[in-house]
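Colleague: Below is a structure I'd like to ask you about.
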Amino acid sequence: MTIFTSIRNALVPVHRAGYPFIAGFFVVSVILGLLLWEPLFWIGLVLTAWCAYFFRDPERVSPVAEHLVISPADGHVSLVGHVTPPAELDLGTELMLRISVFMNVFDCHVNRSPMRGRVRLISYREGEFRNAELDKASEVNERSSMVIDGPRGEIGVVQIAGLVARRIVCWANVEDRIETGERFGLIRFGSRLDIYLPDGFVPRVAEGQRAIAGETIIAEFGENLKTWPSRRD
């Protein structure tokens with residue numbers, strides 16, 4: 001293996017959706033440095049590098065077993081519990097297991113499907129831009145919702161905007177077939193993903209745990225399964 005190959009393998013690809021933002025940061029940096037104050041160029045260059053880092057899109061290796069649910073987002077698990085799903089998901093009024101993953105501005109924001117299946121519903125709802133870590137954000141914040149009809153029933157996946165996030169992107173369409181770990185959207189600059197699961201699923205993560213999109217198993221389906229105990233160290 002050559003040094004060039006090693007360097008190339010270490011570099012993480014940037015998603016094409018980030019190209020306009022990276023170019024914009026760089027152009028503004030040059031203009032500010034030339035017209036106002038030279039140090040502004042270097043500050044802008046650092047921000048340009050951060051923007052490229054934000055839009056990174058690494059390859060992931062996803063478990064594809066039908067009884068597993070995979071994290072749709074990088075970030076930390078902020079909430080695990082049973083709640084009534086949002087009305088726009090059309091999943092009824094019974095309590096469902098909800099697992100929330102919060103993404104800060106340094107996390108990879110490309111979202112991936114937690115399970116394979118058919119996209120039955122996509123719904124976009126305008127709302128506020130409160131801190132996405134708050135439980136109330138599931139109800140009042142701007143969000144894009146998707147329902148996947150999978151091998152173990154229908155699950156809900158909700159992209160929620162946050163304090164900084166002002167743009168939710170969902171590439172999936174109704175009736176699309178989607179695979180576990182497949183990219184389906186992104187949220188720009190800090191946000192949260194809620195996953196709603198029907199009876200039979202038990203969580204395999206705990207609040208505060210780090211999750212990796214497309215790789216971390218967050219829930220499992222099966223009879224007589226129990227929640228694993230966890231310990232924070």
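The values are calculated or read from the model by the stated rules, or taken from the named source; none is laboratory data. Computed from a predicted model, the values in this text were never measured in an experiment. Here the Cβ positions follow ideal geometry from the backbone for every residue, glycine too, while neighbour counts run over all protein chains shown. Side chains included, ligands, DNA and RNA excluded: accessible areas come from the protein's heavy atoms. Shrake-Rupley method; radii C 1.70, N 1.55, O 1.52, S 1.80 Å.
Colleague: Looking for something closer than 16 Å to Ser100 by Cβ and of a type in the set (S, T, N, Q) - is there at least one such residue anywhere in the stretch 186-205?
Modeller: Looking through the stretch 186-205, at least one residue is closer than 16 Å to Ser100 by Cβ and of a type in the set (S, T, N, Q).
Colleague: Now for a separate question. Filter the stretch 137-182 for residues that are modelled with pLDDT of 95 or more, open to solvent by 30 Å² or more (accessible area, probe 1.4 Å) and in a strand (DSSP E or B) and give the result.
Modeller: Listed by number, the residues that qualify are Asp149, Glu154, Arg177.
Colleague: Is it the case that Arg188 is surrounded by fewer than 19 Cβ atoms within 10 Å (Cβ to Cβ), touching a residue at least 40 places away in the same chain (Cβ under 8 Å) and either of a type in the set (Lys, Arg) or closer than 26 Å to Leu95 by Cβ (or both)?
Modeller: no
Colleague: Condition test on Phe129, is it open to solvent by 10 Å² or more (accessible area, probe 1.4 Å), under 16 Å from Ile195 (Cα atoms), modelled with pLDDT under 95 and hydrophobic (A, V, I, L, M, F, W, C)?
Modeller: For Phe129, the condition - open to solvent by 10 Å² or more (accessible area, probe 1.4 Å), under 16 Å from Ile195 (Cα atoms), modelled with pLDDT under 95 and hydrophobic (A, V, I, L, M, F, W, C) - is not met.
Colleague: Answer with yes or no whether Tyr196 is in a strand (DSSP E or B) and surrounded by fewer than 15 Cβ atoms within 10 Å (Cβ to Cβ).
Modeller: Taking the combined requirement at face value, the residue does not satisfy it.
Colleague: Please indicate, with yes or no, whether at least one residue in the stretch 205-225 is open to solvent by less than 10 Å² (accessible area, probe 1.4 Å), part of a strand (DSSP E or B) and touching a Ser or Thr at 6+ places or on another chain (Cβ under 9 Å).
Modeller: Yes, the stretch 205-225 contains a residue that is open to solvent by less than 10 Å² (accessible area, probe 1.4 Å), part of a strand (DSSP E or B) and touching a Ser or Thr at 6+ places or on another chain (Cβ under 9 Å).
Colleague: So, Leu79, is that one touching a residue at least 12 places away in the same chain (Cβ under 8 Å) and open to solvent by less than 10 Å² (accessible area, probe 1.4 Å) or not?
Modeller: Taking the combined requirement at face value, the residue does not satisfy it.
To keep it simple, each residue is scored yes or no on (1) modelled with pLDDT under 95; (2) of a type in the set (Ser, Thr, Tyr); (3) surrounded by 15 or more Cβ atoms within 10 Å (Cβ to Cβ).
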{"position": "Glu38", "(1), (2), (3)": "yes, no, no"}
{"position": "Trp42", "(1), (2), (3)": "yes, no, no"}
{"position": "Cys51", "(1), (2), (3)": "yes, no, yes"}
{"position": "Arg60", "(1), (2), (3)": "yes, no, yes"}
{"position": "Leu68", "(1), (2), (3)": "no, no, yes"}
{"position": "Ser71", "(1), (2), (3)": "no, yes, yes"}
{"position": "Leu97", "(1), (2), (3)": "no, no, yes"}
